[in-house]
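Scroll down for the structure; my scribbles are underneath it.
Just so you know, all these numbers are worked out from the coordinates, no wet-lab data involved. Because the structure is predicted, anything quoted here is derived from the model rather than measured. Backbone-built Cβ (ideal geometry, glycine too); neighbour counts: all protein chains shown.
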């Protein structure tokens, strides 16, 4: 979630954002010849600027494929998601329109929508997306999901002994064996609300009191702790981290207790993009079967329903970024009180 310090910053600059009109002919166009018109217009522009929080190691396969396929150069500026928001909003307030496309996590993309940084884009006709990937306002769209699963050390826990439901975690056999990442109030909120808010918060209080939860700072650290056996069972692990470790031969595997909670990441186009057509071409590309297969090869969960997914047939719940923004402070305080103070951060 965007930190509480980011909220005043956004509010302070929002009033300074200029009003303007722009020709959005191709961005609003969904005709059958969109692809051909768009490629020609994008190649005429030649390049575009992308601000992103995408994992640095995973960017090259996508950027190289895009540039080779279309001959359009991508100028990348990468930072964490909060810095992406800050720079984008600050430049807009200063009327420095340098960014064309933004790709970041859902909460930050929704914050940019609220600050009127993004513009609505028509969905390509051939794109078949999973439910919830397209936001109601149409100003950004989910390109992939990061799904929290449960991960365990296979030397310490037999598959047959795994819990099937969250309620099973109250069994005394899990005392001292559970771990969780320390900055995931949206996961906590989604699971609690799935149970019923009062009942869900009560469940987590009881779980911490009975069996304890070792709280670790960072998903990569938590994953390493599971691999090492220091945390036998992690309740919140990104599926791609556990899967990558498993493929490398680590004694780790993952499973799902419902609700599996998914956080979206997505792409949008700036309202005053200097190169809107090149940005739109990248937007379409990120939703294409070809790019989505690259994301799948990197262990991300695709949003294009035409691409096979490790979660095909499984149910999962998307974190609603609008709700997460509106109720973020409430759930952050609850997470700190119920999990962090009682479980203890390590």
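For the chain, the relative contact order is 26 percent, taking Cα pairs closer than 8 Å that sit 6 or more residues apart in sequence and dividing their mean separation by the residue count.
Among DSSP beta bridges whose residues both lie in the chain, state the antiparallel percentage, nearest 5. Around 60 percent antiparallel, to the nearest 5. Measuring nothing but how far apart in sequence close Cα pairs (under 8 Å, 6+ apart) lie, relative to its length, region 161-292 scores a relative contact order of 25 percent. Peptides 52-59, 265-272, 88-95, 188-195 ranked from most to least packed give 265-272, 188-195, 88-95, 52-59, packing being the mean of other C-beta atoms within 10 angstrom over each peptide's residues.
Between 236, 165, 143, the residue with the greatest mean-square fluctuation in the GNM of the chain (Cα pairs under 10 Å linked by springs) is 165.
Give me the log10 of I(q) over I(0) for the chain at q = 0.11, 0.13 Å⁻¹, as the Debye formula computes it from C-alpha points; what are the numbers? Evaluating at q = 0.11, 0.13 Å⁻¹ gives log10 I(q)/I(0) of -0.75, -1.01.
What the pair-distance distribution of region 226-270 shows, using all Cα-Cα distances binned every 5 Å from zero, is 5, 17, 26, 19, 13, 8, 5, 4, 2, 0 percent. When its C-alpha radius of gyration is set against 2.2 N^0.38 Å (N residues), region 201-346 gives a value of 1.27. As a length-normalised measure over Cα pairs under 8 Å and 6 or more apart, the relative contact order of region 20-103 settles at 37 percent. Protection proxy ranking of 66-73, 283-290, by the mean of other Cβ atoms within 10 Å over each peptide's residues and highest first, is 283-290, 66-73.
So what is the calculated 222 nm ellipticity per residue for the chain, using -39500 (n - 2.57) for each DSSP H run with n of 4 or more, over all residues, to the nearest 500 deg cm²/dmol?
On the way: 13 runs with 135 residues, N = 346.
So the calculated ellipticity at 222 nm is -11500 deg cm²/dmol.
Tell me the volume per residue, in Å³, of the convex hull enclosing the alpha carbons of region 26-134. List each step's numbers first, then the result.
Numbers: hull volume 13.5 nm³, N = 109.
Spread over its residues, the Cα hull of region 26-134 gives 123 Å³ apiece.
Between 0 and 90 degrees, the angle of helix 276-287 with respect to the longest Cα principal axis of the chain falls at about 40 degrees. Placing a label point 7 Å from the Cα of residue 158 along the Cα-to-Cβ direction, the residues of region 236-265 whose backbone N falls under 20 Å of that point are 251-256.
Computed from Cα atoms, the angle from the helix 219-228 axis to the main principal axis of the chain rounds to 40 degrees.
Rank by packing, highest mean first: peptides 296-308, 174-186, 239-251, with packing defined as the count of other Cβ atoms within 10 Å averaged across residues. List each step's numbers first, then the result.
Values: 296-308: 18.7, 174-186: 20.2, 239-251: 17.2.
So the peptides 296-308, 174-186, 239-251, ranked by packing, come out 174-186, 296-308, 239-251.
Taking only Cα atoms, what is the 0 to 90° angle, nearest 10, from helix 81-93's long axis to the longest principal axis of the chain? The two axes meet at around 30 degrees. Under a no-solvent Debye model with one identical scatterer per Cα of region 239-315, what's log10 I(q)/I(0) at q = 0.20 Å⁻¹? So the normalised log intensities are -0.96. With viscosity 1.567 mPa s and temperature 4 °C, the Kirkwood radius over alpha carbon pairs of region 203-286 converts through Stokes-Einstein to a diffusion coefficient of 81 µm²/s.
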